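Have a look at the structure below, then the notes.
The values are calculated or read from the model by the stated rules, or taken from the named source; none is laboratory data. Everything numeric here is computed off the predicted structure, so don't read it as measured data. Neighbour counts run over all protein chains shown; Cβ positions are idealised from the backbone, glycine included. The area values use the complete protein model at the heavy-atom level, side chains included, leaving out ligands, DNA and RNA. Shrake-Rupley method; radii C 1.70, N 1.55, O 1.52, S 1.80 Å.
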Amino acid sequence: SQKIEQNSEALNIQEGKTATLTCNYTNYSPAYLQWYRQDPGRGPVFLLLIRENEKEKRKERLKVTFDTTLKQSLFHITASQPADSATYLCALDAPRDSSYKLIFGSGTRLLVRP
Amino acid sequence: DTAVSQTPKYLVTQMGNDKSIKCEQNLGHDTMYWYKQDSKKFLKIMFSYNNKELIINETVPNRFSPKSPDKAHLNLHINSLELGDSAVYFCASSTGQGASYEQYFGPGTRLTVT
């Protein structure tokens, strides 16, 4: 069955450093991968979308890579700030013979220390 | 301006009761969703409507019944509530169907069944 794995342990880094979060998937061939940010008590907020034929996507301090061979996406936040502390969710489209839906990982919590 | 709104924010009720959660989006989107986020933070699709037509209906007990009176509204009615229904329910919307579209989430409704 399809599986999405994000590190369940919180990532704790110093302000100014680059945060790197990992999203691994198995038994998938997603055409799209999305990243969302979720703050406590709030709904997820869309950050970036990357297509299977794109290796990398950037938006301000954010960068996402998509390696279909390794079945992995990396999400980077450069020059991290305490305000970046949140849970980050990756989401992939379901297998091509399925309906139009996103499958979400359980998220990785990021803590940026001042 | 609130893009995707849900009411109520909190809902505490007893087993066996029937309750409804309302969702409205003012983004002009064609597609709306209901998600359930459990205590382990997994965000799972329940239903999706496109232009008031049901397009995704996951394996959800038939005690859950969505209703879309128009494109801007998607309500969720739950009959005979059970303890296991306790979770945070998120409404979301997107301009179109499929994983190539970013989704906009509401603030969530925390349902507690006692």
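Send over the per residue convex hull volume for the protein assembly as shown, Cα only, as a whole number of Å³.
Per residue, the Cα convex hull of the protein assembly as shown comes to 129 Å³.
Any idea of the total accessible area buried by the A-B contact, 1.4 Å probe, rounded to 100 Å²?
It comes to approximately 1700 Å² buried between A and B.
Show me the GluC sites (Glu not before Pro) within region B:7-114 that DSSP assigns to loop and that have at most 14 other Cβ atoms within 10 Å of their Cβ.
Answer in residue order: B:E82.
Percent relative contact order of chain B, based on C-alpha pairs within less than 8 angstrom and at least six residues apart?
37
Take every Cα pair under 8 Å in chain A that's 6+ residues apart, average their separations, divide by the length, and report that relative contact order as a whole percent.
This gives 35 percent for chain A.
How much of the accessible area of the protein assembly as shown, probe 1.4 Å, is carbon plus sulfur, in whole percent?
Accessible surface attributable to carbon and sulfur in the protein assembly as shown totals 46 percent.
Quick check: Cα centre of region A:37-101 to Cα centre of region B:53-75, how many Å?
Region A:37-101 and region B:53-75 have Cα centres spaced 27 Å from each other.
Considering only DSSP states other than H, G, I, E and B, which GluC sites (Glu not before Pro) in region A:37-114 qualify as loop sites with at most 11 other Cβ atoms within 10 Å?
A:E60
Sorted from largest to smallest, which semi-axis lengths in Å does the alpha carbon gyration tensor of region A:10-114 give for its equivalent ellipsoid, taking the root of 5 times each eigenvalue?
Gyration-tensor ellipsoid for region A:10-114: 24, 15, 11 Å.
Would you mind computing Rg(Cα) / (2.2 N^0.38 Å) for region B:4-113, counting N as its residues?
0.99
Would you mind estimating how fast region A:27-81 diffuses translationally, via Stokes-Einstein at 10 °C and 1.306 mPa s with the Kirkwood radius over Cα pairs, in µm²/s?
Value of D from the Cα-based Kirkwood radius: 131 µm²/s.
How many Å² of accessible area per residue for chain B, probe 1.4 Å?
Result: 49 Å² per residue.
Can you put A:K55, B:K44 in order of accessible area, largest first, using a 1.4 Å probe?
Ranked from most to least accessible, the order is A:K55, B:K44.
Compute, for A:R42, the solvent-accessible surface of its heavy atoms (probe 1.4 Å) with the complete set of protein chains present, and express it in square angstrom to the nearest 10.
150
Going toward the positive end of the dipole of chain B, with +1 on Lys and Arg Cβ and -1 on Asp and Glu Cβ, which of B:F105, B:S93, B:S80 do you reach last?
Farthest along the dipole direction, towards plus: B:S80.
Suppose R0 equals 25 Å. What FRET efficiency, 1/(1 + (r/R0)^6) with r the Cβ-Cβ distance, do B:L54 and A:A31 give to the nearest 0.05?
0.60
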